[in-house]
1. Does F109 fit the bill of being open to solvent by 30 Å² or more (accessible area, probe 1.4 Å) and touching a Ser or Thr at 6+ places or on another chain (Cβ under 9 Å)?
2. Out of (1) of a type outside the set (G, A, S); (2) surrounded by fewer than 16 Cβ atoms within 10 Å (Cβ to Cβ); (3) more than 25 Å from L180 (Cβ to Cβ), the odd one out for D121 is which?
3. Just for helices (runs of 4 or more DSSP H) wholly inside the stretch 652-724: which have at least 1 residues that are modelled with pLDDT of 90 or more, closer than 24 Å to R123 by Cα and of a type in the set (K, R)?
4. Within the stretch 599-606, is even one residue touching a Gly at 6+ places or on another chain (Cβ under 8 Å) and either at pLDDT 80 or above or more than 30 Å from L206 (Cα to Cα) (or both)?
5. Output the residues belonging to the stretch 365-381 that are under 32 Å from the mean Cα position of the chain (by Cα) and crowded, with 18+ Cβ neighbours inside 10 Å.
6. List pairs: first residue in the stretch 101-130 and within 30 Å of N209 (Cβ to Cβ) and part of a loop (DSSP other than H, G, I, E, B), second residue at pLDDT below 90 and of a type in the set (F, W, Y) anywhere in the structure, Cβ distance under 8 angstrom, at least six positions apart or on different chains.
7. What is the residue count in the stretch 645-687 for residues that are free of Cβ contacts under 8 Å to residues at least 60 places away in the same chain, over 18 Å from V602 (Cα atoms), among the hydroxyl-bearing types (S, T, Y) and surrounded by 18 or more Cβ atoms within 10 Å (Cβ to Cβ)?
8. Please name all residue pairs, on different chains or six or more residues apart, with Cβ atoms under 9 Å, provided the first residue is in the stretch 285-304 and is farther than 22 Å from G639 by Cα and the second residue is surrounded by 12 or more Cβ atoms within 10 Å (Cβ to Cβ) and of a type in the set (F, W, Y).
Amino acid sequence: MESEPLLRSVERSWCADPDFSSQERPQTARRSSYCSTASSGPGQEENHGAADETLYVNQAVVFIEDAIQYRSIDHRVDQNSLQLYRWYYSDLCQWILNVTIFVNLALAFVEKPSSLTLTSDVRFRAASWEPPCGLTEGVELVTFLLFTADLSVKSYLIGWTEFMKNKWLLGYILVLAVSLADWTVSMCFMCREGVRIRRLLRPFFLLQNSSLMKKTLKCIKRTLPEMGSVMLLLALHLCLFTMFGMLLFTHSKDSKVDVEWLRYFRNLPDSLTSLLVLLTTANNPDVMLPAYSYNRAYALFFIIFTVIGSLILMNLLTAIIYNQFRGYLMKSVQTSLLRRRLGIRAAFEVLSLYRDLTSRTRDQTACVDCDTFIKVLEKVKLDVYCRLAIIERAKCCSSSGGVISAELFQKLFDELDKDPVRQHPLQPVYQSRCLQVLQIIGSHRYFDYLGNVVALANLLSICVVLMVDAEKSGSDRDDFSLGAINFFFILYYVLEMVLKVFSLGMKNYVSYPSNIFDGVLTVILTVLEVATLAIYKFPHPGWKPDMQGLLSLWEMVRLVNMFIVFRFLRIIPNMKVMALVAGTVLDLVKNLRAFAGILVVVYYVFAIIGIDLFKGVIPNPGNVSSSDEGSGNGTSPCGSFEQLEYWPNNFDDFAAALVTLWDVMVVNNWQVFLEAYARYSSPWSKLYFVAWWLVSSVVWVNLFVALILENFIHKWDRSYRDSALSPAQQVEYHMTVQLMFREDLEEPTDEELLERLYHHPHLHLSR
């Protein structure tokens with residue numbers, strides 16, 4: 001029997017290390033929570049037994065809920081704390097906390113400098129609305145108070161000893177203290193202070209509330225040392241070629257060679273910037289053309305630099321990040337599996353202990369009554385289908401005595417990792433032979449293929465008509481062709497929907513998401529087409545519907561037609577390679593929450609820093625004299641900030657800063673930003689943009705690539721392993737993300753689980 005050496009004796013006694021929370025609970029209270037009291041009156045004994053049952057049941061309920069949500073079980077387990085714990089993790093409280101974090105972060109769009117303008121272009125931007133002092137600060141104070149309450153509840157639930165070991169909660173206190181102090185300074189200065197430190201600290205509230213983001217940060221921290229070695233090689237490569245370039249393109253008497261020196265290698269900062277941008281290939285071949293026009297041999301310098309830097313070292317950096325990161329998902333799921341097994345085992349031990357204390361028979365093997373387990377499961381927040389599946393399996397698999405062993409108790413919760421197989425309602429039955437033939441046609445898969453072909457023909461016909469009429473003005477264009485095409489294709493879609501509803505039945509028809517999409521789209525098209533016919537009559541040569549408003553009825557019909565292309569998404573499961581790619585994309589969406597959160601944090605911090613550094617740096621060209629350098633588009637050098645009209649890319653407000661950072665992260669023409677901000681503010685501004693490039697393009701993008709490779713390679717290997725299974729085995733269940741690496745995970749042993757329960761700071765089992 002599983003864990004028999006550890007569970008052999010019913011009289012075994014578990015207690016935590018004396019150092020754990022010894023100051024929080026007296027020894028007598030600790031034992032009275034779990035052990036029978038001394039001899040007492042019958043009434044007192046009955047009341048105490050009922051209280052014990054409630055406590056044990058609630059403990060098991062909370063432990064199971066922790067296991068379902070992959071939460072830690074290291075929290076208080078007394079009756080009042082359990083009620084507070086369940087209230088804290090209720091949907092309402094977590095929704096309030098998430099809304100509070102969102103509001104706190106979103107204040108950057110409203111507070112000074114406000115982003116509430118139609119455009120960020122300095123040439124056309126009107127004066128933005130600035131909130132009065134105390135408005136956004138009052139909202140911010142409310143969020144701080146809610147964060148304080150959140151911190152207080154978390155600290156109480158885990159206990160003082162565990163709280164002092166938790167660096168995130170200690171940081172929580174520090175960030176709140178600094179934020180409140182900075183808020184006080186703002187109110188004392190009537191919101192006229194130059195820098196608000198608390199704006200930089202806001203993303204911390206998002207980080208500390210997500211365990212996935214914390215794991216991602218740990219992974220990045222482990223990856224940084226290996227990345228540092230490659231970054232050092234890149235720096236050395238950049239410095240050597242910079243010196244070599246400055247020696248190669250020196251100032252000379254020949255004006256043709258001087259063009260390269262004057263534009264790109266005039267001094268050390270310009271040389272470093274030119275080659276750094278070339279490392280991202282953003283200025284290729286511009287940086288090479290002046291010298292290459294003079295002598296083709298100069299191209300070797302730039303080609304060798306690009307091959308070593310961009311093709312070798314940058315890809316080597318990606319390989320190193322992938323090598324360090326490839327186990328991230330599996331390690332994360334391994335930790336989640338351990339938490340689930342530990343929570344389930346804790347629930348089993350609590351219920352098993354309660355059975356031993358209340359049962360007159362003393363079993364040598366720990367087990368749980370099936371009736372007690374069902375009572376517990378009824379109180380757990382769980383999907384109905386999953387609860388019914390676990391209860392049914394427990395009744396079928398429990399032994400003749402109605403008890404559940406530890407091994408079976410764990411296996412019962414494997415149902416948590418399974419989604420129910422969708423059961424579609426039965427099709428209607430028709431007696432007429434003609435109706436039966438129509439039903440076969442409407443429900444056959446070839447009818448769906450025909451619908452896809454018709455949708456493709458509709459899309460192509462619309463594209464052809466639009467291409468033919470592209471050069472024609474509105475008065476010269478004849479809308480008859482497109483109007484007739486719309487009418488007949490929409491007529492087909494209506495007939496297709498009616499035939500499918502007739503063949504499958506309404507309940508069966510709406511049980512398919514693809515049918516719901518097609519049906520909604522068809523209804524919209526039909527309503528618009530009927531309205532068009534009622535207003536403009538049937539399409540005929542010379543038919544020209546009048547434009548009414550910003551978007552006329554006729555334009556709406558044409559735009560909605562374009563959504564027909566989404567009908568082809570239904571063919572993805574029928575193509576193995578395409579289904580594999582689509583599955584990878586869907587899994588990425590499910591796993592991208594942590595990465596997206598990290599990116600939000602990085603964007604937020606750099607945007608706030610950019611506002612503090614560069615707010616108002618980019619001038620309005622209309623307010624600058626034509627004699628100033630680079631002020632007029634007519635005299636600006638080709639490819640400059642002014643000539644390209646990059647005026648909306650600035651740091652004058654938070655929204656504009658986010659878009660500017662995105663444009664730099666893409667590294668297309670990012671040398672334009674380097675040059676412009678160095679000219680308008682300071683040459684040291686390049687350090688800001690280089691730091692952003694390193695954090696966003698080098699680190700985060702490579703981590704994202706590593707995640708894609710990890711996910712795709714695993715699914716590719718698994719697709720070949722599953723090809724040997726029968727179709728019924730392959731589609732019996734749709735596995736969740738947690739099951740993606742289940743075959744490669746190591747199940748925790750009983751000894752490991754019991755050892756962790758032994759060191760639980762608040763749970764002390766005694767029997």
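1. yes
2. Failing condition for D121: (2).
3. 670-680
4. The answer is no; no qualifying residue exists.
5. Across the stretch 365-381, the qualifying residues are L377, V380.
6. Filtered contacts from the stretch 101-130: S114/W129; L116/W129.
7. Within the stretch 645-687, residues that are free of Cβ contacts under 8 Å to residues at least 60 places away in the same chain, over 18 Å from V602 (Cα atoms), among the hydroxyl-bearing types (S, T, Y) and surrounded by 18 or more Cβ atoms within 10 Å (Cβ to Cβ) number 1.
8. From residues that are farther than 22 Å from G639 by Cα, the pairs are Y298/F249; Y298/Y292; F301/F241; F301/F244; F301/F249; I304/F241.
The values are calculated or read from the model by the stated rules, or taken from the named source; none is laboratory data. No experiment lies behind these values; they were computed from the predicted model shown. Quick reminder, even Gly has a Cβ in these numbers, built from the backbone with ideal geometry, and neighbours come from all protein chains shown. These area figures cover heavy atoms from the full protein model, side chains too; ligands, DNA and RNA do not enter into them. Shrake-Rupley method; radii C 1.70, N 1.55, O 1.52, S 1.80 Å.
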